[in-house]
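Below you'll find the structure, written out as structure tokens, and then a few comments.
Computed from the coordinates by the stated procedures, all read-outs in this text should not be read as laboratory data. Keep in mind that what you see is a predicted model, and the values were worked out from it rather than measured. Here the Cβ is made from the backbone with ideal geometry for all residues, glycine too, and neighbour counts use every protein chain on show.
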Amino acid sequence: MASVVSDKRGTYVDLEGHTVRKYDFLQLSKIPRLEFDDPNVESIIANEEPVLLVNSNIISSALKWDLDYLKKNLGAGSFSVYSSKTCKFMYYDEKRAKQWPYFIPPTQRIHMKFEEFCSRVRNLKASDSRVYLQQMLDDSVGKNIVKDFLEFKWQWLTEMQRKMNWGSLTSNLLLIGLPGNITPVHYDEQQNFFGQLTGFKRVILFHPDQFKCLYPFPLYHPCDRQSQRFPKLKELKGYEVIVGPGDVLYIPMYWWHHVESTMNSGITTSVNFWFKAGPTPSQITHPLTAQQKVAVMRNIERMLGEALGDPHEVGPLLNCMVNGRYT
Ligand SMILES: CC1(C)c2ccccc2-c2ccc(C[C@@H](CC(=O)O)C(=O)C(=O)O)cc21
Ligand SMILES: [Zn+2]
């Protein structure tokens, strides 16, 4: 039994030498760890299942992106930094937040220079708010960062994008977090190659068919795509993986993922590659996949909001339509 440590912030266990939060409700399986040029990789990704590409040197040119290097080379612009009073950094849509009464944003987005971010990180006291830098990599960064970026294995990435018939690469997010930071479980509507540069993160993933156990917020809610709570703990079947420097984790579109920076790993730096979905296949075969059912549910919620003219009427109408009739 792995050693269990408890302190005022929670209970932790050791996972492969890393200190992570203890979630005793999960049956967690492992994710395949393969070399990036392993012949099985392509079929796993084609099957939209997660796979960890180790020693992939897809992002090896950025393994030197520690705070000092980034401070020297990232550029003088200001960066989006999220601050949170807790260790959770829940994503929310700022535009929708304005229209959703009683919504209290779970994090504050601050713009700050990289120097300020570094000094906050270095002099962080237990009572301070936690920070999480999340910045889209664009042409505002310094020339050395551009050089490192261009040295990513773009030939492999674009070949995979083509083979999988994915849409365009929409963004690369640079993420710099503190030990213990958590991105709560959510899904994205994009294919994701998640690259780990410095430090270690523990990722828990759930198949899209676990939707019924994860209770995402309503589509029109600012926290659309995030789970409201973990109630059906027993039934949840998940996967777990530790990602470290040089690893690239394929997070398939619609797969739920919870990401935490391990407690003993120091500052974590990651860069992700988000690709749009490919075109809907002309021939839809039945039964639909779990991903397709999530897309159908989203379309119904979206259409109802438009038909009713008010997102707050969607819930009552759906309850009226289903409760007592489809139980
Ligand atoms: C929590 C945070 C900083 C945030 C705040 C406000 C708006 C957006 C986001 C956002 C988006 C992506 C990530 C990266 C990653 C999770 C992780 O590495 O923590 C992940 O989920 C993915 O790559 O899909 C993290 C964040
Ligand atoms: Zn995500």
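Below are the figures for this structure:
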item: Residue count for region 242-254, restricted to those that are within 16 Å of ligand 2 (Cβ to nearest atom), outside any strand (DSSP E or B) and either of a type in the set (A, V, I, L, M, F, W, C) or touching a helix residue (DSSP H, G or I) at 6+ places or on another chain (Cβ under 7 Å) (or both); result: 2
item: Some residue of region 68-78 being in contact with a Ser or Thr (Cβ under 6 Å, 6 or more places away or on another chain) and among the aromatic types (F, W, Y); result: no
item: Residues that are under 20 Å from the mean Cα position of the chain (by Cα) and in a loop (DSSP other than H, G, I, E, B), drawn from region 255-272; result: W255, T262, M263, S265, G266, I267
item: Scope region 127-160; condition of a type outside the set (A, V, I, L, M), surrounded by 15 or more Cβ atoms within 10 Å (Cβ to Cβ) and within 21 Å of the chain's Cα centre (by Cα); matching residues; result: R130, Y132, Q134, Q135, F149, F152
item: Residue check, Y220 closer than 30 Å to V131 by Cβ, more than 17 Å from the chain's Cα centre (by Cα) and part of a loop (DSSP other than H, G, I, E, B); result: yes
item: Options D66, D93; residue that is in contact with a strand residue (DSSP E or B) (Cβ under 7 Å, 6 or more places away or on another chain) and within 15 Å of ligand 1 (Cβ to nearest atom); result: D93
item: Selection status of G167, surrounded by fewer than 20 Cβ atoms within 10 Å (Cβ to Cβ), in contact with a strand residue (DSSP E or B) (Cβ under 8 Å, 6 or more places away or on another chain), among the small types (G, A, S) and in contact (Cβ under 8 Å) with a residue 24 or more places away in the chain; result: yes
item: All positions within region 27-64 that are among the polar types (S, T, N, Q) and on the phi > 0 side of the Ramachandran plot; result: N55, N57
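Yes/no matrix, rows are residues, columns are (1) of a type in the set (D, E, K, R); (2) closer than 27 Å to F149 by Cβ; (3) in a strand (DSSP E or B):
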residue	(1), (2), (3)
F194	no, yes, yes
L205	no, yes, yes
K212	yes, no, no
F230	no, no, no
E240	yes, no, yes
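Condition check ((1) free of Cβ contacts under 8 Å to residues at least 24 places away in the same chain; (2) part of a helix (DSSP H, G or I)) across all residues:
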site: W274; (1), (2): no, no
site: T280; (1), (2): yes, no
site: P287; (1), (2): yes, no
site: V294; (1), (2): no, yes
site: N299; (1), (2): yes, yes
site: M303; (1), (2): yes, yes
site: A307; (1), (2): yes, yes
site: G315; (1), (2): no, yes
